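The values are calculated or read from the model by the stated rules, or taken from the named source; none is laboratory data. Predicted, not measured: the structure shown is a model, and the values here were computed from it. When we count neighbours, we look across all protein chains shown, and the Cβ atoms used for this are built from the backbone with ideal geometry, even at glycine. We work out accessible area using only protein heavy atoms, side chains counted, and drop any ligands, DNA or RNA first. Shrake-Rupley method; radii C 1.70, N 1.55, O 1.52, S 1.80 Å.
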Amino acid sequence: MVAAAQHPNIKLMTYSEVVDVSGYIGNFEVTIKQKARYVDHSKCTGCGTCFEKCPSKVPSAYDFGLGTRKAIYIDFPTAVPNKPVIDAENCRYFKTGKCGICKKICPTGAVDYEQKEELIQEKVGAIVMATGFDLFNWEEAYGEYGYGRFKDVISGLHFERMSNASGLTGGKIIRPSDGKEPKSVVFIKCVGSRDEAKGKEYCSRACCMYTAKHAHQVLDKIPGSSAYVFYMDVRTPGKAYDEFYRRTVEEGVQYIRGRVSKIYPSGDKLIVMGTDTLLGRPVEVEADLVVLATAMVPSKDSDKIAQLVSCPTDKDGFFQEAHPKLRPVETMTAGLFLAGACQGPKDIPDTVSQASGAAAKVCALLSHNELATDPMISQINEALCSGCLVCKGVCPYKAIEEKTITERVGGKPVERLVASVNTGLCQGCGNCTVACRAGAANLKGFTNDQVLAEVDALCR
Amino acid sequence: MKRIGLFVCWCGSNIGGVIDVPAVVQEASKFPGVVYATDYKYMCSEPGQETIIKAIKEHNLDRVVVASCTPRLHEPTFRKTLAKAGLNPYMFEMANIREQCTWVHSDEKENATTKAIALIKRALSKVSKVEPLYESYIPVTKKALVIGGGIAGMQVALDIADSGHEVILVEREPTIGGKMAMLDKTFPTLDCSA
Amino acid sequence: MSIDTKDFQPKIVGFTCNWCSYAGADLAGVSRMKYPSNIRVIRVPCSGRVNPQFVLRAFQKGADSVLVSG
């Protein structure tokens, strides 16, 4: 993270969103909204005095409410950039107009309540989508796991925040309900994945491995603990993956092949009811903590950004690559590339490989000073064009422009409006040719004459 | 007068095992303008492409039809072949007699042969009408935009930046790192994720 | 020709978009699916390229049906 922030060729824009994209390969114009941080990052040193003194406490979404953060905050201690932003919704100053402590105590005067969001225009030659994933909202779908009513049924990412040494529990695994160390932990895989009825059809690919890792961590960090994994299949197709899984089994993690039909509380424990399909009999496990390996789904609002950049999505909302085998990092929009889980569920090694692949494609593109464009695009016969510009309305690529030409009529020059094709924007769909009543628009490579000749040949 | 060259590919047995290729060549070569027609086991192979180049030169062909697989696969290949032989690469048309003929009609060989002839005639008919096309050139802004500052976005940005190009890395959250920064150790090596 | 004839074989002309249904027809081939051989396909860059004139011409020249897909 630090490397990305410090690289002289990288302009890092955090707390920012792309709000508009126009143009075409080699020549995209993008508008980026820099949201108001209310902290001037050019002055801020990241000393942290402000968030020590801030009186407004908010449950930390980053830590799944495990702890609290202030209204002026940094999500985690090693964050990049390591400078805070003010969450105006929860800030006392923004709500009541009183307080202003952070401004008073900031030694560099970086706090600026008047800061407004800014729109920044940039020109770029290539765009890479790396919008990642979110976790499937299991609370809405899985009644048998309690619809999120039981505090000690958590997601895998929640577990990560606990076992992370820089997290709020300092790496200690605890039960969210009472803070006690769990002795018996049950893991359930394929929550939302490979479940057409309640979730998604696809396999999320990383869960088998991280569940093995979690189970290992339970046994490793909690002496005398036991870990159970309910699974449908164990899928470990990666280098050194199966070895890792085997090791966790040898360490004593108990794998039970079958689904969980119900979780219910009993005292301060949770009873996990399921079936062991290998033994063909029901099982019941008393658990202190249940961890769900939830499916990866496209990240929130990725549909909106897909629309902005005209990137098609697949049936599950992931961005669609140009070809699943031969062009996995490209899209059907020239100059637009994909990296990571926005294209489909992926683990870290695959994400990094795909990201490097996308980077290589971008570098190849940017290594050219000029690009040859497909010549199979529309052209306007200016002599026939009446300037009605119906074609402009039907063009999905905004490639039709207005142009004034001068003609000699009766010996005098007369100015006239005609349509003109932007050869960089035109994608050669030919919609304009059908809309053109005068027959002035034609598509090179698919001219009216040529298609009619094909029709004639086939009907003969 | 147009001088069309027709090249029908066997694609091993993918095409040749279903339709009667020599009969197709014979029938299609009657099409007005066809001055040379032949077939070959693998048209896209190097000797296959050499056959085309040689025929263009020897028979002074001014346009070419290749009947083989889908143009979505080898159209660029054969366009380059034409360019190598000194022809405008757009004086070219393909007839898709594999994906849309022999592979889907392998159980009705006679009909497949009739259809292949029709598809080739369509291509011949179109190629009779084509004109040379020329590419135009657009400038390239040597800067990339990466949307998302998680592990994928950071890796892309770093790789592009290392090659000497400028990168804008946009992240909607206050900090970069995405989901990865939330993780503890990562499998299978259990090293840290920061 | 009457369509009541038992062995009537319609002549079908298809206009398919290069990016979707033409690719779909290719995929049918790659997957070795089977369908009747009396459809003949013309590749267009977009179904929006299909001028109604093309369809009328096909009927005029003896096509029994026309498929536009995209």
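Using the Cα centre as the reference, give the magnitude of the dipole from point charges on the C-beta atoms of region A:249-311 (Lys, Arg: +1; Asp, Glu: -1; all else neutral), rounded to the nearest 20 debye. The partial results should precede the final answer.
On the way: 7 positive and 9 negative charges, 69 e Å.
Charge dipole of region A:249-311: 320 debye, to the nearest 20.
FRET efficiency for A:Val409 and A:Cys388, Cβ-Cβ distance as r, R0 = 25 Å, nearest 0.05?
Working: r = 19 Å, r/R0 = 0.75.
Computed FRET efficiency for A:Val409 and A:Cys388: 0.85.
The modelled label-to-label distance between A:Glu118 and A:Ala88, using points 7 Å beyond Cα along the C-beta direction, is 1.6 nm.
If you take the square roots of the eigenvalues of the alpha-carbon gyration tensor of region C:12-69 and sort them as a ≥ b ≥ c, do you get rounded (a/c under 1.5), prolate (a/b over b/c) or oblate? Display every interim value, and only then the final one.
Numbers: a/c = 3.78, a/b = 1.40, b/c = 2.70.
Judged from the Cα gyration tensor, region C:12-69 comes out oblate (a/c at least 1.5, b/c at or above a/b).
In region A:162-180, the residues whose accessible area drops by at least 30 square angstrom when the other protein chains are added to the isolated chain are A:Asn164; the probe is 1.4 Å and only protein heavy atoms count.
Measuring nothing but protein heavy atoms, the accessible surface of region A:228-270 at 1.4 Å probe radius is 47 percent carbon and sulfur. Amide H contacts of A:Phe337: A:Ile127, A:Val128, A:Met129, each under 5 Å away and 5 or more positions distant or on a separate chain (H built 1.01 Å from N in the peptide plane; Pro and chain starts excluded).
Buried area at the A:C interface is about 1800 square angstrom, summed over both chains, from accessible surfaces computed with a 1.4 angstrom probe.
Projected label points at A:Arg247 and A:Ala61, each 7 Å from Cα along the beta carbon direction, are separated by 3.6 nanometres. The charge dipole of chain A, taken about its Cα centre with unit charges on the Cβ of Lys, Arg, Asp and Glu (plus for the first two, minus for the last two), comes to roughly 980 debye. For C:Val41, the residues whose amide H sits under 5 Å from its own are C:Gly14, ignoring neighbours fewer than 5 places away on the same chain, with H placed 1.01 Å from N. Counting only protein heavy atoms and a 1.4 Å probe, chain A has 45 square angstrom of accessible area per residue.
Rolling a 1.4 Å probe over the protein heavy atoms gives region C:12-69 an accessible area of 44 Å² per residue. With a 1.4 angstrom probe, the accessible area lost at the C-B interface totals about 1700 Å². Contact order, relative form, for region A:8-97: 21 percent (alpha carbon pairs under 8 Å, 6 or more residues apart, mean separation divided by residue count). Shown is the FRET efficiency for C:Ser65 and A:Glu401, computed with R0 = 60 Å from the Cβ-Cβ distance and rounded to the nearest 0.05: 0.95. Taking every DSSP bridge with both residues inside chain A, close to 75 percent are antiparallel.
The magnitude of the dipole of region C:12-69, with charges of +1 and -1 set on the Cβ of Lys/Arg and Asp/Glu and taken from the Cα centre, is near 100 debye.
Give the carbon-plus-sulfur fraction of the accessible surface of region A:128-196 in %, rounded to a whole number; probe 1.4 Å, heavy atoms of protein chains only.
Values: 1190 of 2440 Å².
For region A:128-196, the apolar C and S fraction of the accessible surface comes to 49 percent.
Rounded, prolate or oblate: which fits region A:22-166, taking a ≥ b ≥ c as square roots of the Cα gyration tensor eigenvalues, rounded meaning a/c under 1.5, else prolate when a/b beats b/c? List each step's numbers first, then the result.
Values: a/c = 2.08, a/b = 1.10, b/c = 1.88.
Judged from the Cα gyration tensor, region A:22-166 comes out oblate (a/c at least 1.5, b/c at or above a/b).
Near A:Ser184, the amide H atoms lying under 5 Å from its own belong to A:Ser226, A:Asp288, A:Leu289; only residues 5 or more places off or on other chains count, and H is placed 1.01 Å from N.
Taking each of A:Lys43/A:Lys116; A:Lys83/A:Lys304; A:Lys239/B:Lys185; A:Lys70/A:Lys262 in turn, the alpha-carbon distance tops 26 angstrom for A:Lys83/A:Lys304; A:Lys70/A:Lys262. The phi torsions of region A:52-62, fed into the Karplus equation with coefficients 6.51, -1.76 and 1.60 and a -60° offset, translate into couplings of 6, 8, 4, x, 8, 9, 10, x, 7, 5, 4 Hz, rounded to whole numbers, with Gly and Pro shown as x.
Of all the accessible heavy-atom surface of region B:96-194, with the other protein chains kept in place and a 1.4 Å probe, what percent is carbon and sulfur? Intermediate values should be presented prior to the final figure.
Working: 1710 of 3480 Å².
The nonpolar share, carbon plus sulfur, comes to 49 percent.
Ligands, DNA and RNA are left out, and with a 1.4 angstrom probe the accessible area of region B:77-154 is 34 Å² per residue.
When the charge dipole of region A:171-241 is built from unit charges on Cβ atoms (+1 for Lys and Arg, -1 for Asp and Glu) and taken about the Cα centre, the candidate among A:Phe230, A:Leu219, A:Phe187 whose Cα reaches farthest toward its positive end is A:Leu219.
Taking 0.36 nm per intervening residue step and subtracting the Cα-Cα distance, what contour gain separates A:Lys95 from A:Asp449 on full extension?
Contour length minus Cα-Cα distance gives 120.6 nm.
Considering the dipole of the protein assembly as shown built from charges on the beta carbon (Lys and Arg +1, Asp and Glu -1) around the Cα centre, which of B:Met91, A:Val290, B:Val8 is farthest to its positive end? About the Cα centre, the residue reaching furthest to the positive side is B:Met91.
Accessible surface buried at the A:B interface totals approximately 7100 Å², computed with a 1.4 Å probe on protein heavy atoms. Here the sum of -39500 (n - 2.57) over DSSP H runs of 4 or more residues, divided by the residues of chain A, equals -6000 deg cm²/dmol at 222 nm, to the nearest 500. The lysine pair count for region B:52-154, using Cα distances under 18 Å and pairs eight or more places apart or on different chains, is 6. With the cut-off at 1.5 for a/c, could you classify chain A from its C-alpha gyration tensor as rounded, prolate or oblate? Cα axes put chain A in the oblate bin.
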